[in-house]
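A short write-up of the structure that comes next.
The values are calculated or read from the model by the stated rules, or taken from the named source; none is laboratory data. As the structure is a prediction and not an experimental result, all values here were calculated from the model. Note that we place each Cβ from the backbone using ideal geometry, even for glycine, and neighbour counts take in every protein chain shown. Only protein heavy atoms, including side chains, enter the accessible area calculation; ligands, DNA and RNA are left aside. Shrake-Rupley method; radii C 1.70, N 1.55, O 1.52, S 1.80 Å.
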Amino acid sequence: MTDDILIEGRSGAVATLTLNRPTVRNCLSLELLEVLHAAILRLGADRDIHVIILAANGPAFCAGHDLKELNAARQKPDKGRAFFEETMDKCARLMTAIVTCPKPVIASVHGIATAAGCQLVASCDLALAADNARFATPGVNIGLFCSTPMVALSRNVSRKKAMEMLLTGDMIPAAEALQHGLVNRVVAPDTLPDATQELAQQIADKAPATVRIGKEAFYRQCELPLAEAYDYTAAVMVMNMMEPDAEEGIGAFIEKRAPQWRKL
């Protein structure tokens, strides 16, 4: 990948994308946003990959946008407006691509995940954190409210907690992030890679088509009123029942044998 700012690895049906700008705490330059977005789209279409892990090298997971890059754009005749618009647009497209990716995406978080880095964690379907990880949306401290990180954050934690994080900019430890639903599990730092891989493999062993149907349905029903959500998911269940994998899975359960899943 470009200048190795993103490293890709594979273990069976699990792909790992590792942010690799450790000297700047893996902050999201425009280039890294583009490269990561392209990788998510490509792996989402790869029939051999069932789950994607998002990890990072160095002392931090991700410190948000590259503020030096953003500030340098102020020297342009438009004072940076076009560059700011491009950066925020590409960031939004990346976060949306993670949510709409047909493969589950798991964040493996150590160190800090702040601003757009916290947004990245919140955008992933699942997240595991080392017990030394910390999270924040600290834009308010530098005069730049974390408005786009707010979208993902407010869809993961309660409104009161999201507003507290956004208005104070305070760091919260991994244990508190777990308590408020920002991450799924907290583990010892030296066990984080193996714990993430184990969870990814557990999901990768499920029927890919079923996981794809379920992930899409989960996010769609979240935005619907209750009655509409039940109507929609009932239709999804019927569609799922007509899939060969459902026939195979139910048959295998009744016959007490291991199911044989199709590739997507």
Single residue of Leu226, Leu166, Leu128 found to be modelled with pLDDT of 95 or more and touching a Lys or Arg at 6+ places or on another chain (Cβ under 7 Å) | Leu128
Report, by residue number, each residue of region 1-59 that is modelled with pLDDT under 95, farther than 19 Å from Thr87 by Cβ and part of a helix (DSSP H, G or I).
-> Asp4
Can you confirm whether region 73-86 contains a residue that is open to solvent by less than 10 Å² (accessible area, probe 1.4 Å), of a type outside the set (S, T, N, Q), in a helix (DSSP H, G or I) and over 29 Å from Leu192 (Cβ atoms)?
-> yes
When Gly117 is evaluated against the numbered criteria (1) in contact (Cβ under 8 Å) with a residue 40 or more places away in the chain; (2) more than 30 Å from Ile203 (Cα to Cα), which criterion, by number, is the only one it fails?
-> (2)
In region 169-196, the residues that are hydroxyl-bearing (Ser, Thr, Tyr) and under 18 Å from the mean Cα position of the chain (by Cα) | Thr196
Determine whether Ala63 is modelled with pLDDT of 95 or more and crowded, with 22+ Cβ neighbours inside 10 Å.
-> yes
Could you list all residues from region 221-233 that are loosely packed, with under 14 Cβ neighbours inside 10 Å, within 23 Å of the chain's Cα centre (by Cα) and part of a helix (DSSP H, G or I)?
-> Cys222
Among the candidates Ala113, Ala122, Ala107, which residue alone is buried (at least 23 other Cβ atoms within 10 Å of the Cβ), in a helix (DSSP H, G or I) and aliphatic (A, V, I, L, M)?
-> Ala122
Hits in region 234-264 (condition: without any contact (Cβ under 8 Å) to a residue 40 or more places away in the chain, open to solvent by 90 Å² or more (accessible area, probe 1.4 Å) and part of a loop (DSSP other than H, G, I, E, B)) = Met242, Lys256, Arg257, Gln260
Within region 30-52, of all residues that are closer than 21 Å to Ala113 by Cβ and open to solvent by 10 Å² or more (accessible area, probe 1.4 Å), the one nearest to the chain's Cα centre (by Cα) is His37
Could you tell me which residue of region 155-186 is nearest to Gly117 (Cα to Cα), considering only residues that are open to solvent by 50 Å² or more (accessible area, probe 1.4 Å) and assigned to a loop (DSSP other than H, G, I, E, B)?
-> Met171
Just for region 131-154: of the residues that are of a type in the set (Ser, Thr, Tyr) and part of a helix (DSSP H, G or I), which one is nearest to Asn184 (Cα to Cα)?
-> Thr148
